[in-house]
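Engineer: Before anything else, here's the structure in question.
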Amino acid sequence: MLIAGNWKMHTVPDAAVELARDVARRVRSHADSVAVAVCPPSISLAAVGEVVRNTPVRLGAQTMHEAEQGAYTGEVSAPMLGAVGCHYVILGHSERRQLFGEIDAGVNRKTLAALAHGLVPIVCVGETLNERKAGEEETVVGRQIDAALDGVHLDSAAHLVVAYEPVWAIGTGETASPEQAQAMHRFIRDRLVSFGAPREVEILYGGSVKPGNAADLFAQPDIDGGLIGGASLDAESFAAIVEAASKV
Ligand code: 13P
């Protein structure tokens with residue numbers, strides 16, 4: 001199981017350091033059974049990296065540029081993320097797709113670049129409410145997976161994570177039911193395997209995961225953990241979700 005906190009654009013650096021300390025302290029006792037990651041805003045990656053160094057908590061970034069360096073004002077690259085201790089990088093989050101114009105082909109370039117630099121991409125996929133209402137969730141998510149992983153060859157299941165985040169469940173308080181999530185996770189796993197990916201690639205569920213619904217979601221056979229937004233900003237809630245994962 002893997003529980004990753006996506007802090008999005010929250011926490012000034014001092015608050016990020018404080019939150020990371022609190023998380024590291026609270027999740028220590030579950031380190032044997034659950035992998036835990038925090039993904040702070042990029043301005044706090046270095047400082048949070050110092051806090052979680054020598055703890056079981058891993059560091060992740062929320063996005064990156066696919067080039068190693070260059071004239072890309074405002075961007076950060078995979079080597080930069082690696083240099084401050086990142087293990088993971090979230091790619092293709094629906095907020096990046098919807099608000100910043102990211103497209104499948106770009107997610108693919110970033111995925112290839114992350115892998116080439118030893119980062120583990122957490123590739124996000126998920127359908128909108130209209131797409132689900134139209135019964136198109138598998139078509140949409142299948143297309144996102146196929147595009148993101150074009151040309152990707154995995155030596156190990158540990159080199160990739162996929163997050164299924166139905167857009168209609170993000171920040172809305174509405175969660176996919178465990179059955180809805182399980183069906184999509186199963187679909188994604190089969191799709192990954194058809195690409196030659198190992199069956200063991202972790203598939204996280206994201207979208208209004210809270211301490212109260214985490215256990216039922218994580219009990220599903222193809223849900224390997226969670227990508228947590230709002231609830232990851234509160235160390236107690238985040239630790240409670242980690243605890244729920246530790247009991248699976
Ligand atoms: P919420 O948990 O706030 O719904 O956010 C989910 C998410 O987008 C994680 O990446």
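Engineer: Tell me the residue from 28, 58 that is within 25 Å of residue 200 (Cβ to Cβ) and surrounded by fewer than 22 Cβ atoms within 10 Å (Cβ to Cβ), please.
Structural biologist: Matching residue, one of 28, 58: 58.
Engineer: Ok, one more. Are there helices (runs of 4 or more DSSP H) fully within region 28-125 with at least 2 residues that are out of contact with any Pro (no Cβ under 6 Å at 6 or more places or on another chain) and of a type in the set (D, E, K, R)? List them.
Structural biologist: 94-100, 104-116
Engineer: Does region 209-248 hold any residues that are surrounded by fewer than 20 Cβ atoms within 10 Å (Cβ to Cβ), under 16 Å from the mean Cα position of the chain (by Cα) and not hydrophobic (A, V, I, L, M, F, W, C), and which are they?
Structural biologist: Within region 209-248, 210, 222, 230 qualify.
Engineer: One residue is enough: does region 147-163 have a residue meeting the conditions under 14 Å from the mean Cα position of the chain (by Cα) and of a type outside the set (A, V, I, L, M, F, W, C)?
Structural biologist: yes
Engineer: So, residue 183, is that one within 13 Å of the ligand (Cβ to nearest atom) and of a type in the set (A, V, I, L, M) or not?
Structural biologist: So residue 183 fails the test.
Engineer: Hey, among 181, 147, which residue is over 30 Å from residue 50 (Cβ atoms), crowded, with 22+ Cβ neighbours inside 10 Å and modelled with pLDDT of 95 or more?
Structural biologist: 181
Engineer: So, one more: Of (1) touching an Asp or Glu at 6+ places or on another chain (Cβ under 6 Å); (2) surrounded by fewer than 21 Cβ atoms within 10 Å (Cβ to Cβ), residue 2 satisfies all except one. Which?
Structural biologist: Failing condition for residue 2: (2).
The values are calculated or read from the model by the stated rules, or taken from the named source; none is laboratory data. Owing to the predicted nature of the structure, the values given are computational and were not obtained by experimental measurement. Note that each Cβ is placed from the backbone with ideal geometry, even for glycine, and that neighbours are counted across all protein chains shown.
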